[in-house]
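A.B. asks: Would you mind keeping the following structure in view while I ask a few things?
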Amino acid sequence: MSQVTRQKPDTVYFFGTCLIDLMFPQAGVSAVQLLQRAGIKVIYPPAQTCCGQPAWNSGYRDEARKVARAQIALFTKPIPIIIPSGSCAGMMKTHYPELFSGEADEAQALDVASRVYELTEFLVDVLNISLTDLGAPIEIAVHTSCSARREMGVADKIEQLLGQLQNVKVLEQAYKPECCGFGGTFAVKQPEISAAMVADKTMHLRNTGATQVISQDCGCLMNIGGAFDYQAKHENKKPLNTQHIAEFLWERTHG
Amino acid sequence: MAKPSEFRIQVDQALGKTEVRAHFRKAMDTLMTNRRNQFPDNAELQRLRDQAQVIRANALSKLPELLEQLESNLTRNGIHVHWAETTDEANDIVLKIMQKHNATWMIKGKSMVSEEMGLNHFLESKGIEALESDLGEFIIQLDGETPSHIIMPAIHKSKEQIAQLFNEKFPDIPYTEDVDTLTRTARDILREKFYNAPVGLSGVNFAVAETGTLCLVENEGNGRMSTTIPPVHIAVTGIEKVVEKLSDIPPLLSILPRSATGQPITTYFNMISSPRKKGEKDGPEEVHLVLLDNGRSRIYSDPELLATLRCIRCGACINHCPVYVRIGGHSYGTVYPGPIGTILEPQKSGLKVHGELVQASSLCGACGEVCPVRIPIPSIINRLRYEGVRQDGGSALDAGSKRKPLEAITWKAWSWAASHPSVYNLGSTVATQVRNLVPHNLGAWTSVRTAPAVADKTLHQQLKALGVDHE
């Protein structure tokens, strides 16, 4: 198995995630640009699709494994795999070993898992990136996904990155560590509970007075942002922007 | 559209009760803060969790032997041991003891296993009254309810509701919303009962195999009264509550109340080793322990699901659950609510009955993060989702019963597309081209959110255009 050091690599893989591919491509482009600007060569295997998490979390393990197996085959070089999502990174890092336990290709799955980094984790811990804020003063709030916080344990990384931006003030919402209520298929299977959770989350975020909400996970952003939009359209509330951390960092730091 | 399940209906009703929800939120906030304050040093907390996990896992790893040792030591100490595979058997054992002593009623300390047995109802059907003496249990019994939380059974009630309830049930006592006075009222009523009860019943927090000791953690002294004043004491517990050694108790006792209510220690800690001995002035003349299986052996037989049985019933997972805090304990329709109920109940009663509960989790991980014995609750939820739809037997009760043909075919199709890049890319490209045709009404999602928008160019397309390397 390859040994990943925390030394700055020349080349990394980028796993863009299906949600970013289809709904939030700008987050993926910005993440690649941030990596490239730091002098890293980025490889984006075009045959990549999805990490398999939706099926895994729904109990359809064979179906998840089939999709995961197709990804594992694409990331064979002994270089880090950067993922702009705590949730998908958590799937590959934590759950691939479970999903492939006892399978013929278990070793390959473990190897991939050992090379996975969530984007903000990589920017801070490996690249030790230094950012210069070129943007106008702004007050934002940060929502850290549960997977980034608890599964990957990287909640502090996004804060460290934002802390480098001089003109960005991070406001603290109440119940910050609480789930936004997305939870993948949870939002569909238990829509009433999910709705109650996102109602509270958006209320607490609004109450900070922030004009923008930043997260490292597009699943949460789709949930929170969708609720903000709905509230602006149907409840006469102030519109509020949501943005992925990569896009926010890139926009504020490229000249 | 399918008819909403009983669970969804209950959830919907609970979510509509904004006052109760606000009260619940406040109560859970207090519990979370109290717990946090008990563990100022995270490294120390993690060390304690490791220790507690090892103790419980060790006990489970030799459960059959420890249970035999426990039985033999209890018997040597003069405590009668009874085994019950089902709740019916457990109820019958209790009934026979009551009949043997011609007892027409009993006083109860708090016991979730007795709730599991439906003991109160069972005894009532036999003309025997079971009076709850834990204040929370006393309150909900007055109102004909079941516990909404495993350690704070009446947490769903406000003091105003309790005041009204007392006023209704005890009209001779002047109306008051003063908590101390209400407590005093219950205490006065119960004190008299303790003196006269022919039988006292309690649960057990830990049963020590090495010494044959039953440990009981409590705050109100009602546990001590129920187990020492009546001439007969019946303890009921699950077979998983055994620990190996007496020295296992201090670490567990250290982490349990701190995780539960955020207390450094409970007011009372009882260690019951035998009935009253010759020359002793108090204590029951007869002590019984009923060890209940009720599905635990089945859980025990699976190496992953086994972790469920490590639980020491502190309720920390419940207190920290974003789902529980919004829907409350009764919505679950189970004895054990919250995350622990979500994994325990479907295993105990089968996925057919309570399988939906494993869907009522966003897998946020807050429960697993606070569990003092490190039960990987989210992983077990995931596993039970798998058990629900797997087709190859499985080990959970009613495995495979939650599989729906349409859903299964959808995942198969998804799996095929996402493992064939050409199909996936064709699909995503088509999606970008028809992006304006995405319906604005996506059922439940769009009842509180706008529909998500497909980008005009996928990341695949954009990175290709930017010349990002392919390999």
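The values are calculated or read from the model by the stated rules, or taken from the named source; none is laboratory data. This one's a predicted model, so the numbers in the text were calculated from it and none came from an experiment. Please note: Cβ atoms are built from the backbone with ideal geometry, for glycine as well, and neighbour counts cover all protein chains shown.
A.B. asks: On the basis of being of a type in the set (Ser, Thr, Tyr), under 21 Å from the mean Cα position of the chain (by Cα) and either assigned to a helix (DSSP H, G or I) or within 7 Å of chain A (Cβ to nearest Cβ) (or both), does B:SER379 make the cut?
C.D. replies: For B:SER379, the condition - of a type in the set (Ser, Thr, Tyr), under 21 Å from the mean Cα position of the chain (by Cα) and either assigned to a helix (DSSP H, G or I) or within 7 Å of chain A (Cβ to nearest Cβ) (or both) - is met.
A.B. asks: Give the residue that is nearest to B:ALA455 (Cα to Cα), with candidates limited to residues of the range A:27-79 that are more than 18 Å from the chain's Cα centre (by Cα), within 7 Å of chain B (Cβ to nearest Cβ) and small (Gly, Ala, Ser).
C.D. replies: A:ALA47
A.B. asks: Taking the range A:155-213 as the search range and keeping residues that are of a type in the set (Gly, Ala, Ser) and more than 12 Å from chain B (Cβ to nearest Cβ), which one is nearest to A:ARG252 (Cα to Cα)?
C.D. replies: Result: A:GLY163.
A.B. asks: Quick one: would you say B:ALA90 is in contact (Cβ under 8 Å) with a residue 12 or more places away in the chain and assigned to a helix (DSSP H, G or I)?
C.D. replies: yes
A.B. asks: Please verify whether the range A:74-94 includes one or more residues that are assigned to a loop (DSSP other than H, G, I, E, B), buried (at least 21 other Cβ atoms within 10 Å of the Cβ), among the polar types (S, T, N, Q) and not assigned by TED's automatic domain parsing to the domain that holds A:PHE15.
C.D. replies: For the range A:74-94, residues assigned to a loop (DSSP other than H, G, I, E, B), buried (at least 21 other Cβ atoms within 10 Å of the Cβ), among the polar types (S, T, N, Q) and not assigned by TED's automatic domain parsing to the domain that holds A:PHE15: absent.
A.B. asks: Just a yes or no: is a residue in the range A:2-23 part of a helix (DSSP H, G or I), over 15 Å from the mean Cα position of the chain (by Cα) and more than 9 Å from chain B (Cβ to nearest Cβ)?
C.D. replies: There is no residue in the range A:2-23 that is part of a helix (DSSP H, G or I), over 15 Å from the mean Cα position of the chain (by Cα) and more than 9 Å from chain B (Cβ to nearest Cβ).
A.B. asks: When you go through (1) at the interface with chain A (Cβ under 7 Å from one of its Cβ atoms); (2) touching an Asp or Glu at 6+ places or on another chain (Cβ under 9 Å) one by one for B:ARG435, which number turns out not to apply?
C.D. replies: (1)
A.B. asks: Could I ask something else about it? Name the residue, out of B:PHE24, B:PHE39, that is in contact (Cβ under 8 Å) with a residue 24 or more places away in the chain, more than 27 Å from B:ALA307 (Cα to Cα) and of a type outside the set (D, E, K, R).
C.D. replies: Going through B:PHE24, B:PHE39 in turn, the sole match is B:PHE24.
A.B. asks: In the range B:103-126, is there at least one residue being farther than 24 Å from B:PRO153 by Cα, acidic (Asp, Glu) and not in a strand (DSSP E or B)?
C.D. replies: No: the range B:103-126 contains no residue that is farther than 24 Å from B:PRO153 by Cα, acidic (Asp, Glu) and not in a strand (DSSP E or B).
A.B. asks: Right, here's the next one. Just to be sure, is B:GLN10 outside the structural domain of B:HIS330 (by TED's automatic domain parsing), farther than 29 Å from B:GLU220 by Cα, surrounded by 16 or more Cβ atoms within 10 Å (Cβ to Cβ) and of a type outside the set (A, V, I, L, M, F, W, C)?
C.D. replies: no
A.B. asks: Out of all the residues in the range A:221-229, is one or more away from chain B (no Cβ under 14 Å), crowded, with 21+ Cβ neighbours inside 10 Å, of a type in the set (Val, Ile, Thr) and in a helix (DSSP H, G or I)?
C.D. replies: No - not one qualifying residue is present in the range A:221-229.
A.B. asks: Can I ask one more? Pick from the range B:382-398 the residues that are of a type in the set (A, V, I, L, M) and under 14 Å from A:SER58 (Cβ atoms): which of them is nearest to the other protein chains (Cβ to nearest Cβ)?
C.D. replies: B:VAL389
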